[in-house]
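Asks: Submitted below is the structure of interest, expressed as C-alpha cells.
Read-outs: derived from the displayed coordinates by stated rules, not from any lab. Keep in mind the model is a prediction, meaning the values are calculated, not measured. Note: ideal-geometry Cβ built from the backbone for every residue, glycine included; neighbour counts use all protein chains shown.
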Amino acid sequence: MGTLVKVAEKKDLPAGSAKAVEVNGKQIALFNVDNEYYAIDDTCTHAGGSLSEGDVAGTTVTCPLHGAEFNISNGEVLGEPAEEGVKSYKVHIEGESISIEDEE
C-alpha cells in the first residue's frame, strides 16, 4: 500500500461534485458520485483540460475543452479525441476524512 494523503473532508465534496486537489505535486480530480468517491489525474491526455471542471454523468466525465470522455472509476478513455486514459487512484474514507493513496 502506498502513502495516504488527506485531501479533503466529506463536507468539502457534496454528492455530484468534483474538485482538483494536489498530492505530492500532482493535480488530481476528486469526484463524489452518489457518495462514492473516485480520483483520477486531473489533466486530459488530449489537450490538458481540467477533468475536475468537466461534466459528470454517472461515472463518466467529459473534458470541458474538446469533449473527450473518461471513466472516473478507473481512468479508462471512453471517447475521442483522447486516445489514452489517465491514472486512477484509490480513495480511502476514514470518518469524515478523504485520503488518496499515492504510490510514489
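Asks: With ALA39, ALA20 as the choices, which residue is part of a strand (DSSP E or B), surrounded by 18 or more Cβ atoms within 10 Å (Cβ to Cβ) and either at positive phi or not aromatic (Phe, Trp, Tyr) (or both)?
Replies: When all the criteria are applied, what remains is ALA39.
Asks: Another question, then. If THR3 satisfies all but one of (1) within 9 Å of the chain's Cα centre (by Cα); (2) loosely packed, with under 13 Cβ neighbours inside 10 Å, what's the number of the condition it fails?
Replies: (1)
Asks: In the list LYS87, LYS11, which residue meets the criterion of being among the basic types (Lys, Arg), in contact with an Asp or Glu (Cβ under 6 Å, 6 or more places away or on another chain) and touching a residue at least 12 places away in the same chain (Cβ under 8 Å)? Break it down into steps so the answer makes sense when it comes.
Replies: Values: LYS11 fails: in contact with an Asp or Glu (Cβ under 6 Å, 6 or more places away or on another chain).
Of LYS87, LYS11, the one residue that is among the basic types (Lys, Arg), in contact with an Asp or Glu (Cβ under 6 Å, 6 or more places away or on another chain) and touching a residue at least 12 places away in the same chain (Cβ under 8 Å) is LYS87.
Asks: In this structure, is GLY25 free of Cβ contacts under 8 Å to residues at least 24 places away in the same chain, touching a Pro at 6+ places or on another chain (Cβ under 9 Å) and at positive phi? First the steps, then the outcome.
Replies: Numbers: free of Cβ contacts under 8 Å to residues at least 24 places away in the same chain: yes; touching a Pro at 6+ places or on another chain (Cβ under 9 Å): no; at positive phi: yes.
For GLY25, the condition - free of Cβ contacts under 8 Å to residues at least 24 places away in the same chain, touching a Pro at 6+ places or on another chain (Cβ under 9 Å) and at positive phi - is not met.
Asks: Taking the stretch 91-101 on its own, how many of its residues are in contact (Cβ under 8 Å) with a residue 60 or more places away in the chain and either in a loop (DSSP other than H, G, I, E, B) or in contact with a helix residue (DSSP H, G or I) (Cβ under 7 Å, 6 or more places away or on another chain) (or both)? Spell out how you get there, then give the answer.
Replies: Restricting attention to the stretch 91-101, the residues satisfying the condition of being in contact (Cβ under 8 Å) with a residue 60 or more places away in the chain are 91-93, 96-101.
In the following step, the residues that additionally are either in a loop (DSSP other than H, G, I, E, B) or in contact with a helix residue (DSSP H, G or I) (Cβ under 7 Å, 6 or more places away or on another chain) (or both) were identified as 96, 98.
The number of residues fulfilling the criteria is 2.
Asks: Looking at (1) touching a residue at least 40 places away in the same chain (Cβ under 8 Å); (2) loosely packed, with under 15 Cβ neighbours inside 10 Å; (3) not small (Gly, Ala, Ser), which is the only condition GLU80 fails?
Replies: (1)
Asks: Which members of the stretch 74-90 meet the condition of being outside any loop (DSSP other than H, G, I, E, B) and hydrophobic (A, V, I, L, M, F, W, C)? Step through it out loud before you land on a result.
Replies: Just the residues of the stretch 74-90 that are outside any loop (DSSP other than H, G, I, E, B), to begin with: 77-79, 88-89.
Matches in the stretch 74-90: VAL77, LEU78.
Asks: Report, by residue number, each residue of the stretch 44-73 that is assigned to a loop (DSSP other than H, G, I, E, B) and within 20 Å of ALA15 (Cβ to Cβ).
Replies: Narrowing the stretch 44-73 to residues assigned to a loop (DSSP other than H, G, I, E, B): 44-49, 54, 58-59, 63-68, 72-73.
GLY54, GLY58, THR59, ILE72, SER73 - these are the residues of the stretch 44-73 that are assigned to a loop (DSSP other than H, G, I, E, B) and within 20 Å of ALA15 (Cβ to Cβ).
Asks: From the list ASP55, ASP34, which residue is within 13 Å of the chain's Cα centre (by Cα) and surrounded by fewer than 16 Cβ atoms within 10 Å (Cβ to Cβ)? Please lay out each step first, then the result.
Replies: On the way: ASP34 fails: within 13 Å of the chain's Cα centre (by Cα).
The unique qualifying residue is ASP55.
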